[in-house]
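Enquirer: Got a structure for you, questions after.
Derivation of every value follows stated rules applied to the coordinates shown; laboratory data play no part. Quick caveat, the model's predicted, so the values are computed rather than measured. Cβ placement follows ideal geometry from the backbone for every residue including glycine, while neighbour counts extend to all protein chains displayed.
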Amino acid sequence: MNKFFSALAFSLVLAQIIYAQPSRLIKADPTYSSFSKAGFSRLNSIVKQYVDSQWIAGAVMIVAKDGNIVYHEAIGYSDIRSKEKLRTDHIFRIASQTKAITSVGIMMLMEQGKLLLDDPLSKYIPAFSNIMVLDKFNKADSSFTTIKAKREVTIRDLLTHTSGIGYAQIGSEEYQAITAKAGVYAGLGVSGITLEDQVRRIASLPLEHQPGERFTYGLNIDVLGRVIEVISKEPLDKFFRKNIFDPLGMNDTWFYLPADKHKRLVALHGEDSTGKLYRITEPIPLAGAEMDADYPLSKGKMFAGGAGLSSTANDYAIFMQMVLNGGIYNGKRLLSDNSVKLLSVNQIGDLMVGNNKFSLAFGIYTPKEAARLGLPAGTLEWGGAFNSSYWIDPENGIIAQLFINQWPNSHGDIHDKFKVQVYSALVE
């Protein structure tokens with residue numbers, strides 16, 4: 001009997017070793033992780049077709065399973081004007097992929113006992129004490145009337161985009177007009193303003209709806225970036241570097257790139273009225289402002305927690321693997337299992353984001369969305385405005401990223417094709 005229990009105990013330990021996520025990402029042959037090389041070859045051909053058709057300038061893709069990088073390719077050009085070949089170490093503007101990193105920062109502060117998710121925002125930024133809600137809007141002159149909010153905005157409201165704070169320049173027509181008048185921006189390529197300035201102006205504006213009433217994608221995470229600054233008493237870029245980037249080894253992730261990394265930033269491309277691809281060299285006009293396409297090369301002082309970072313596919317894969325590992329990477333624990341669980345489950349109740357739910361950082365695949373492309377329910381996902389997308393699949397131990405720096409992109413179906421090809425290549 002003792003031998004039986006000894007053998008059972010050994011089997012359990014062995015199972016834990018086999019199924020535990022490796023401490024860090026390593027390169028491996030696709031077949032080692034049950035992927036077919038032929039499947040990834042087909043993916044290469046599809047992406048090359050998009051490049052040859054001049055629908056995109058290029059793309060960098062990375063796929064890892066159980067900590068093994070089974071696919072990491074760069075196809076096309078970093079700049080269609082100079083014809084510089086795209087490399088896997090090129091740096092991309094990740095826009096809203098910044099949001100999940102800020103959310104992790106908030107969870108770290110929660111674990112340190114410095115905040116709770118249901119704390120009122122005004123506890124940390126008093127300007128939000130007497131927030132109002134938009135009632136009537138006059139399109140002719142952008143004037144409006146307001147009513148009092150039924151309750152205060154909480155940290156959880158911001159994490160779940162249910163606070164009622166909309167998006168400047170890319171949100172609803174009403175919120176674009178109101179924010180343009182107030183000098184509030186989407187957080188990219190605007191000089192002469194700090195995050196503190198931005199958030200103070202946001203606090204003076206009405207919410208689009210009552211807190212918790214519906215999901216409204218907005219500047220919520222920028223506000224949380226300011227919360228991090230207030231609590232930590234340091235700028236957001238320094239907080240990220242000290243607490244997230246340096247511990248994980250994310251050496252290529254920055255708000256504003258060091259001079260020695262400038263040449264690795266990919267050009268931002270766009271489409272003209274005929275759909276023709278071109279490199280963007282002039283400031284991009286947006287509601288109430290212009291965006292400098294090369295903002296990562298500037299010496300800016302706005303650390304937009306919702307959109308400001310640039311990174312590589314490998315760096316962001318490290319961040320995703322940390323989440324998949326339950327908050328730990330290469331022996332460095334950033335979050336507890338409990339915090340990662342909170343980041344991975346539905347936090348918006350009966351509300352919907354398209355076919356999906358939303359956690360405190362990610363969209364969550366529902367069975368309905370899972371039936372569309374084949375990614376399992378429970379997969380975490382999001383992306384960025386400059387045509388990037390990623391997902392974290394706990395069921396299969398997969399993380400994946402597709403980077404394209406282009407705005408707009410009328411051939412955005414490449415993101416769904418990427419998902420289909422990755423799972424088609426999975427042969428287990």
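Enquirer: Per residue, how big is the convex hull around the C-alpha atoms of the stretch 225-311? Give it to me in cubic angstrom, could you? Display every interim value, and only then the final one.
Expert: Details: hull volume 10.9 nm³, N = 87.
Given the Cα convex hull of the stretch 225-311, per-residue volume reads 126 Å³.
Enquirer: Still on this structure, I have one more. In nm, give the distance between the simple-model label positions of Glu73 and Lys238, each being 7 Å from the Cα along the Cα-to-Cβ direction.
Expert: 4.4 nm
Enquirer: Run the helix sum for the chain: -39,500 (n - 2.57) per DSSP H stretch of 4+ residues, divided by residue count, reported at 222 nm to the nearest 500 deg cm²/dmol. Present the calculation step by step, with values, prior to reporting the outcome.
Expert: Working: 12 runs with 126 residues, N = 428.
Per the formula, -9000 deg cm²/dmol.
Enquirer: Using Cα-Cα distances under 8 Å and only pairs 6 or more residues apart, what relative contact order does the chain have, in percent?
Expert: Values: 876 pairs, mean separation 94.1, N = 428.
Computed value for the chain: 22 percent relative contact order.
Enquirer: Could you calculate the FRET efficiency of Lys341 with Lys150 from 1/(1 + (r/R0)^6), where r is the beta carbon distance between them and R0 is 30 Å, rounded to 0.05?
Expert: Details: r = 30 Å, r/R0 = 0.99.
Calculated transfer efficiency: 0.50.
Enquirer: Still on this structure: For the peptides 81-93, 110-122, what is the packing order when you average, over each peptide's residues, the other Cβ atoms within 10 Å and list the highest mean first?
Expert: In decreasing order of mean packing, 81-93, 110-122 become 81-93, 110-122.
Enquirer: For the pair Arg333 and Glu428, what calculated FRET efficiency results from E = 1/(1 + (r/R0)^6), where r is the Cβ-Cβ distance and R0 = 30 Å, to the nearest 0.05?
Expert: Working from the Cβ atoms, E equals 0.50.
Enquirer: On to the next question. Taking the inverse of the average 1/r across all pairs of different Cα atoms in the stretch 284-428, what Kirkwood radius in Å do you get? The partial results should precede the final answer.
Expert: Values: mean 1/r = 0.0589 Å⁻¹.
Mean inverse Cα-Cα distance, inverted, gives 17.0 Å.
Enquirer: Here's a follow-up. I'd like to compare 55-67, 223-235, 330-342: which one has the highest average count of other Cβ atoms within 10 Å, and what's the full order after that?
Expert: 55-67, 223-235, 330-342
Enquirer: Continuing with this model, one more query. Under a 5 Å amide H to amide H cut-off, with H placed in plane at 1.01 Å, what residues pair with Ser388 once short-range neighbours are removed?
Expert: Hits under the 5 Å cutoff: Ile404.
Enquirer: Something else now. Using Cβ counts within 10 Å as a stand-in for footprinting exposure, how do Lys417, Lys136, Lys263 rank, fewest first? It would help to have the intermediate numbers written out before the result.
Expert: Numbers: Lys417 16, Lys136 9, Lys263 12.
Fewest-to-most Cβ neighbours within 10 Å comes out as Lys136, Lys263, Lys417.
Enquirer: Would you mind putting 369-378, 184-193, 70-79 in packing order, based on average other-beta-carbon counts within 10 Å, highest first?
Expert: Final packing ranking: 184-193, 70-79, 369-378.
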